[in-house]
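Heads up: the structure comes next, in structure tokens.
The values are calculated or read from the model by the stated rules, or taken from the named source; none is laboratory data. Source: prediction; values computed, not measured. No Cβ is skipped: glycine too gets one built from the backbone with ideal geometry, and neighbour counts run over all protein chains shown.
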């Protein structure tokens, strides 16, 4: 018995290319969703005075007194005006997602704050959570 299969190579190549584009778009969307979830994790944790390495060290007594005089709390939450954390944003491609700060001023503030009170990153459990979010978002 002999089986002969006739194929149209151009049509097959076209279909493979289309599926590849669909997969690429799905990965990009999943990465975008995951990056935004990462921003939310950082914001929620920071609001509670925690970094990815644990609780923030307290403000100096001078800075704490200044914050009190301005009607702000004494728990380190990296928010005075809200501009720095408000400048945190994301972008994604089909290969990677990035969380960053818009503007040189806010990016500089974030870098300075991250040295003293590490907030811009994820611990192991947060990375696991982000992995689950990515795979759920992947369609």
Looking at residue 117 and the list (1) touching a residue at least 24 places away in the same chain (Cβ under 8 Å); (2) touching a strand residue (DSSP E or B) at 6+ places or on another chain (Cβ under 6 Å); (3) loosely packed, with under 15 Cβ neighbours inside 10 Å, which single condition is not satisfied?
(3)
Going by the structure shown, is residue 25 over 18 Å from the mean Cα position of the chain (by Cα), over 22 Å from residue 101 (Cβ atoms) and touching a residue at least 12 places away in the same chain (Cβ under 8 Å)?
yes
Return yes or no: is residue 112 assigned to a helix (DSSP H, G or I) and within 18 Å of the chain's Cα centre (by Cα)?
no
As an exercise: evaluate residue 104 against (1) over 15 Å from residue 45 (Cβ atoms); (2) modelled with pLDDT of 95 or more; (3) surrounded by 11 or more Cβ atoms within 10 Å (Cβ to Cβ) and give the number of the one condition it does not meet.
(3)
Run residue 78 past the list (1) in contact with a helix residue (DSSP H, G or I) (Cβ under 8 Å, 6 or more places away or on another chain); (2) modelled with pLDDT under 95; (3) not in a loop (DSSP other than H, G, I, E, B) and report the number of the one that doesn't hold.
(3)
Taking only segment 53-92 into account, find how many residues are touching a residue at least 40 places away in the same chain (Cβ under 8 Å) and under 13 Å from the mean Cα position of the chain (by Cα).
6
